[in-house]
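Down below is the structure, laid out as structure tokens.
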Amino acid sequence: MKRARLFLPVFMACGLLFALSLPRSKPVSLVKVLKDRGPVWAVLERLQIDVRQELETCFLALADREDLRALRKNRVAFSIIDREAGGIEDYFIVPLRAPGTLDELQARGRAAAVEPRTAVFWTTAGLPMEVLPSELPRKPLSSSSVLPFLRAPVDIKRAAPVSAAFQDPVVEVLAAQVSEAGLRSLVQSLQDFQTRYASTTQCEAAGEFIYNTFSSLGLDDVWFEPFVFSSGYQSRNVIAEKTGETYADDVLIICGHYDSISPSATRQTLAPGADDNASGTAAVIEAARVLAAYPLDFTVRFIAFSAEEWGLWGSRDYAGKARTAGESIIGVINLDMIAYADAMPEDLEVIVNGRSEWLAERLIAAADLYADLTARKTVDPSFVYSDHSPFWDQGYRALLAIEDNPLRNPTYHQTTDTIDKLNFEFFTASARASLALLAELAQPVREGYPRTPIGLTAEPVVYRSLFNAVKSARLSWAAQAGTSGYNVYRTNMSHLDYVKLNDAPVTSTTFTDDHLRIDLPYYYVVTGVGTTGLESNFSREAEISPDNLMMTTQTQVLNFLQMLRAR
Amino acid sequence: MKARGLLGLVLVLGLAASARAQGLSLSLSAGVFAAGQETYREIYGPGLPVALEGWLNFRGAFGLSAGVTWLRDDGSAVAVSGGGEQYPLRFERLTFPLTIFFAPRLKGLVLRLGAGLAFHSYREKWQTVDLGFEGTCLGPRVCAAVEVPIAGRLSLFGSLVYESIPTGVEYTRGERINLGGLQALGGVAFRVR
Ligand SMILES: [Zn+2]
């Protein structure tokens with residue numbers, strides 16, 4: 001007995017020592033990091049914080065105790081949303097569209113508003129899919145860190161609006177081929193499946209229909225990409241490809257989801273989804289039909305995604321695999337609800353994140369030039385509720401084209417979302433605009449013109465003093481037969497407002513561009529000039545990325561304003 | 001503005017001190033400056049400073065010194081990733097030191113060991129590109145100076161100064177630019193009283 005009395009405290013002390021000597025487990029918290037301070041990007045990168053979502057005013061990140069301490073030390077403003085974060089798939093971003101939404105979410109599970117119009121929802125009771133109200137779109141946090149793709153915004157103003165906007169006769173012809181009758185027939189066919197709610201056999205049948213339609217168009221390849229979603233269900237993305245003549249490995253994507261949804265009582269049997277999103281799917285198929293016969297410089301993929309309504313499963317699967325495979329995706333045009341007009345003339349809303357702004361600018365120009373349609377840009381990384389956002393998560397440029405933001409279609413996610421409610425004038429214009437942008441970017445190959453140059457690379461050379469630095473870009477490309485010289489173009493905004501750098505065509509295949517600012521990105525393209533003076537299409541872009549080499553903390557800022565072109 | 005304030009302070013201190021002063025000498029010297037930071041040395045190499053200083057001895061072994069140092073350095077921008085272009089640079093620095101020193105009595109020579117503060121105004125300019133940077137800052141310094149009398153009021157003068165010149169400007173991640181280093185000067189000194 002006496003021995004036992006001694007034994008107990010010794011045992012407890014040993015136990016305590018053992019417990020203390022164990023490597024501490026790292027409980028991970030879900031935190032919201034405020035964006036407002038400029039250097040926050042650099043700090044997150046330096047600390048290698050596991051950022052899983054970029055929103056308009058903040059980031060959502062997973063942080064262990066060490067990360068939290070480091071954030072505090074670096075005076076980064078953050079708040080903890082969930083102290084003990086579990087599986088990432090369990091957190092959903094949902095929009096707060098009505099005043100009572102947050103209360104409703106909190107009644108069903110746990111929810112926190114992270115922005116005035118955005119909440120995070122999670123629950124340990126059942127699948128969030130079943131728990132979330134069906135009218136709410138949702139997006140899970142990214143399954144991997146988005147940190148590598150975050151870039152502090154660079155303040156670049158467009159020099160001039162597209163005054164030089166040039167109407168390309170080939171693109172004009174292509175855009176005019178988008179047929180209202182064709183769109184109508186496709187939407188009718190998709191609606192006729194009664195429901196396309198992912199997990200139903202009708203949804204799979206709709207996928208089959210899309211596959212067969214693509215197959216009848218004479219494209220280079222058509223295939224299914226099956227995926228598993230929401231632990232156990234299966235569905236398929238349907239993909240068609242038109243391979244580029246010049247750049248087979250550089251891809252442009254036009255996409256829309258073909259699955260649909262309606263309230264839980266009806267969706268197994270009735271979810272017509274004419275606007276959401278037979279409209280986008282039909283426009284994708286119509287674009288494939290029009291472009292099938294025309295040779296293009298870049299590869300174009302036409303994709304109908306599935307299980308979007310379940311939480312963007314099809315596009316998350318696709319974008320994740322594309323990133324893993326290191327695919328070069330130049331831009332993604334996502335069409336979701338492009339056929340309902342609450343009033344005419346209806347504008348097309350174009351939603352992008354900061355890195356994808358050029359896509360919106362180009363769509364606005366294309367809509368104006370080729371579809372007589374007004375498109376409006378909104379830069380809002382918090383608008384993650386469609387298939388463009390998984391591409392954002394993987395660092396690709398993507399836009400969402402949608403009829404209204406906020407939505408005005410009263411049949412949204414209802415059994416009444418049928419073809420008779422659509423406005424085909426607006427719908428055809430939306431489809432034309434997106435096809436025109438796609439064709440402009442993919443670049444129709446023209447007979448009699450010099451071939452598009454290939455092999456362009458840009459090497460940065462940085463020269464630095466104590467307090468400043470300048471950069472040079474050394475460009476080189478492959479010689480192209482039938483070309484007597486080359487023009488070199490530059491811009492600070494990808495795919496926008498190229499400015500020619502040379503006076504007479506360059507006869508060699510190299511070019512050095514000096515005295516560049518260190519903190520700006522530069523994009524270059526070259527064209528070939530033929531003996532008769534005809535100019536080829538643009539090569540693919542080569543990029544010189546901005547450097548973080550210098551981060552001045554003083555306000556006696558670098559006197560960069562007038563960069564003299566010395567000599 | 002800041003510089004003028006500091007100069008005023010030096011003047012007031014100097015006047016106040018001269019009331020109790022036992023002796024004053026002026027030194028004019030030039031020499032070599034070796035920067036502490038690798039980056040500076042890589043771009044500019046050793047610098048050539050010129051200094052004019054007044055040394056005021058109080059009764060006892062202590063004293064006060066103030067003056068001005070001018071440094072000009074030509075260099076060229078460093079290519080981070082192997083480029084062939086030349087970008088000539090010019091760096092200039094004007095320093096106003098204020099030092100309290102201790103001068104132990106020694107036979108045949110005057111030795112002064114001091115510590116103090118200096119106000120620095122610096123400017124870097126790219127010669128062929130319109131690029132430049134200006135700034136000011138305060139930094140600590142320590143120095144040792146010796147005077148060896150040669151004839152009448154004239155002495156040979158030598159000094160060794162170590163300064164830290166923290167600009168507060170970040171160069172690369174983590175590293176802040178410090179323009180300080182070690183300077184060795186030689187010249188003459190003249191005993192005024
Ligand atoms: Zn939709």
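Take the conditions farther than 30 Å from A:L475 by Cα, more than 14 Å from chain A (Cβ to nearest Cβ), more than 16 Å from the chain's Cα centre (by Cα) and open to solvent by 30 Å² or more (accessible area, probe 1.4 Å) and apply them to B:R59. Does it pass? Judged against the criteria, B:R59 is a match. Tallying residues that are surrounded by 21 or more Cβ atoms within 10 Å (Cβ to Cβ) and modelled with pLDDT under 95 within the range A:343-352 yields 1.
A:V222 meets the conditions (1) over 22 Å from A:L312 (Cβ atoms); (2) in a helix (DSSP H, G or I); (3) not hydroxyl-bearing (S, T, Y) in every case but one. The failed one is (2). The single residue among A:A265, A:A287 that is away from the ligand (no atom under 16 Å from the Cβ), assigned by TED's automatic domain parsing to the domain that holds A:A436 and open to solvent by 10 Å² or more (accessible area, probe 1.4 Å) turns out to be A:A265. For the range A:352-370, the criterion of a residue being more than 14 Å from every other protein chain (Cβ to nearest Cβ) and within 16 Å of the ligand (Cβ to nearest atom) is satisfied by no position.
When B:G152 is tested against (1) modelled with pLDDT under 90; (2) within 26 Å of A:A469 (Cβ to Cβ); (3) of a type outside the set (F, W, Y), exactly one condition is not met: (2).
Would a scan of the range A:329-342 turn up a residue that is surrounded by fewer than 21 Cβ atoms within 10 Å (Cβ to Cβ) and among the small types (G, A, S)? Taking every residue of the range A:329-342 in turn, none turns out to be surrounded by fewer than 21 Cβ atoms within 10 Å (Cβ to Cβ) and among the small types (G, A, S).
If you go through the range B:140-163 and keep only what is touching a residue at least 40 places away in the same chain (Cβ under 8 Å) and of a type in the set (S, T, Y), you end up with B:S155, B:S159. Within the option set B:L106, B:L98, B:L117, being over 21 Å from A:L466 (Cα atoms) and surrounded by 20 or more Cβ atoms within 10 Å (Cβ to Cβ) holds for one residue only, B:L98. Among the conditions (1) aliphatic (A, V, I, L, M); (2) part of a loop (DSSP other than H, G, I, E, B); (3) touching a helix residue (DSSP H, G or I) at 6+ places or on another chain (Cβ under 6 Å), the only one that A:A265 does not satisfy is (3). Which residue, of A:R355, A:R316, is in contact (Cβ under 8 Å) with a residue 40 or more places away in the chain and more than 28 Å from A:S235 (Cα to Cα)? Only one candidate qualifies: A:R355.
Within the range B:169-183, if we keep just the residues that are at the interface with chain A (Cβ under 7 Å from one of its Cβ atoms) and either open to solvent by 30 Å² or more (accessible area, probe 1.4 Å) or modelled with pLDDT of 95 or more (or both), the residue that is farthest from B:I43 (Cα to Cα) turns out to be B:R173.
This table checks each residue for (1) open to solvent by 40 Å² or more (accessible area, probe 1.4 Å); (2) touching a residue at least 24 places away in the same chain (Cβ under 8 Å).
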| position | (1), (2) |
| --- | --- |
| A:P453 | no, yes |
| A:F467 | no, yes |
| A:A473 | no, yes |
| A:V488 | no, yes |
| A:Y498 | yes, yes |
| A:T507 | yes, no |
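Within the range A:242-261, the presence of a residue that is in a helix (DSSP H, G or I) and away from the ligand (no atom under 16 Å from the Cβ) is excluded. Taken over the range A:377-407, residues that are within 13 Å of the ligand (Cβ to nearest atom) and either hydrophobic (A, V, I, L, M, F, W, C) or open to solvent by less than 10 Å² (accessible area, probe 1.4 Å) (or both) amount to 12. Checking the stated criteria, B:V192 turns out not to satisfy the condition of being more than 14 Å from chain A (Cβ to nearest Cβ) and either farther than 15 Å from B:G67 by Cβ or touching a helix residue (DSSP H, G or I) at 6+ places or on another chain (Cβ under 7 Å) (or both). For the range B:123-136, the condition of being more than 9 Å from every other protein chain (Cβ to nearest Cβ), of a type in the set (F, W, Y) and open to solvent by less than 70 Å² (accessible area, probe 1.4 Å) holds for none of the residues.
Here is a check on your reading of the model: is A:H413 more than 20 Å from A:L363 (Cβ to Cβ), in contact (Cβ under 8 Å) with a residue 24 or more places away in the chain and either within 15 Å of the ligand (Cβ to nearest atom) or open to solvent by less than 10 Å² (accessible area, probe 1.4 Å) (or both)? Yes. Residues that are modelled with pLDDT of 90 or more and surrounded by 14 or more Cβ atoms within 10 Å (Cβ to Cβ) number at least 2 in the following helices (runs of 4 or more DSSP H) confined to the range A:87-185: A:101-108, A:169-176. For the range A:447-490, the set of residues classified as within 14 Å of chain B (Cβ to nearest Cβ) and basic (K, R) consists of A:R464, A:K471, A:R474, listed by residue number.
Are any residues in the range B:69-85 surrounded by fewer than 20 Cβ atoms within 10 Å (Cβ to Cβ) and within 9 Å of chain A (Cβ to nearest Cβ), and if so, which ones? Passing the criteria: B:S76, B:V78, B:A79, B:V80, B:S81, B:G82, B:G84, B:E85. For the range A:217-249, the candidate set comprises residues that are polar (S, T, N, Q) and under 17 Å from A:V300 (Cα atoms); within that set, the residue that is least open to solvent (accessible area, probe 1.4 Å) is A:N237. Tallying residues that are in contact with a helix residue (DSSP H, G or I) (Cβ under 9 Å, 6 or more places away or on another chain) and more than 16 Å from the ligand (Cβ to nearest atom) within the range A:269-284 yields 1. Of the residues A:H495, A:H515, the single one that is at positive phi and within 14 Å of chain B (Cβ to nearest Cβ) is A:H515. Being farther than 21 Å from A:R432 by Cβ, surrounded by 24 or more Cβ atoms within 10 Å (Cβ to Cβ) and away from the ligand (no atom under 15 Å from the Cβ) is a property that holds for A:A319.
Checked against the criterion of being closer than 25 Å to A:D259 by Cα and acidic (D, E), the candidates A:D90, A:D67 yield just one match: A:D90.
The values are calculated or read from the model by the stated rules, or taken from the named source; none is laboratory data. If you're wondering where the values come from, they're calculated on a predicted model, not measured in any experiment. Cβ coordinates were reconstructed from backbone atoms using ideal geometry, including for glycine residues, and neighbour counts include every protein chain displayed. Quick note on the areas: whole protein, heavy atoms, side chains included, nothing else; ligands and nucleic acids left out. Shrake-Rupley method; radii C 1.70, N 1.55, O 1.52, S 1.80 Å.
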